[in-house]
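Every read-out reported here was derived from the displayed coordinates using simple, explicitly stated rules and does not represent laboratory data. Bear in mind that the values here come from a model prediction, so they are computed numbers and not experimental data. Using ideal geometry, Cβ is built from the backbone for each residue, glycine included, and neighbour counts are taken over all protein chains shown.
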Amino acid sequence: MTSHSLREIDSAVAAGANPVEFRVAIDGIAIVVHQTNSIGELTIEELRGIYNGTYTNWNQLGGPDRTIVSYGRQSTSGTYVFFQEHVLLNGDYRTDMQGMTGNSAIVSAISADQGGIGYVGIGYAVGATGINVVNLKQNESSLAYSPLDEDAVLSGDYSLSRYLYLYTNGPPTGALKVYISWILTDGQAVAEEIGFYALPSEVVDEEMAKLG
């Protein structure tokens, strides 16, 4: 969970709510570039350098002689904060990053920008045209993993894996309880249909236990 989520929980508690957290799916945040970009993998340090402005041309990373144009989410997005915490280590984004209002907007922009790079939820990268998904590795000596590799995402080997959450005000009852139960069971197939990953059975059991 990001500090962004923790701040929201604290705000809810301060307002008199009783947030109950449910993990509902798993996401691998995909790093995407234009389909003509020859860069196939990056280390987390290189990705950090792209987004903090250390690297300004793809040829600094072994790619084409092309200016890097970075795309990301707006500052109110949870993905913006997650990326800032896990990639930038709470440092600042480069000042010229193009802030977009949604994942689809990032994919669309990069498909039209040969120098572009962005981060999106894996569900928005699957089946998208005009882009390539970049593999990530912790450092130069480690293995590179793809967010399209379900095992790598579920195991955490892929560096930008995360749970997706829903919160209720107190333990859910009535129709809301039925809805959360559906999400954790039959609804997992829906998560997979839209490109995310289903929860492992042991996580489903833990979340179902919260329903009583």
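Brief remarks follow.
- A Förster distance of 41 Å, applied to the separation of the beta-carbon atoms of residue 61 and residue 185, puts the FRET efficiency at 0.40.
- Measuring between their Cα centroids, the range 117-152 and the range 10-72 lie 10 Å from each other.
- Neighbour counts of C-beta atoms inside 10 Å place 34, 86 in the sequence 86, 34, starting with the fewest.
- For the chain, convex hull volume per residue from C-alpha positions, Å³: 123 Å³
- Most fluctuating residue given options 62, 121, 99, as computed from a GNM of the chain linking Cα atoms under 10 Å: 62
- Translational D in µm²/s for the range 163-212 (Stokes-Einstein at 10 °C, 1.306 mPa s, Kirkwood Rh from C-alpha pairs): 140 µm²/s
- Computed lengthening from residue 173 to residue 111, 0.36 nm per intervening residue step minus Cα-Cα distance: 17.9 nm
- Exposure proxy shown here: for 168, 67, 129, the number of other Cβ atoms within 10 Å sets the order, fewest to most, as 129, 67, 168.
- Share antiparallel - DSSP beta bridges, the chain, percent rounded to 5: 70 percent
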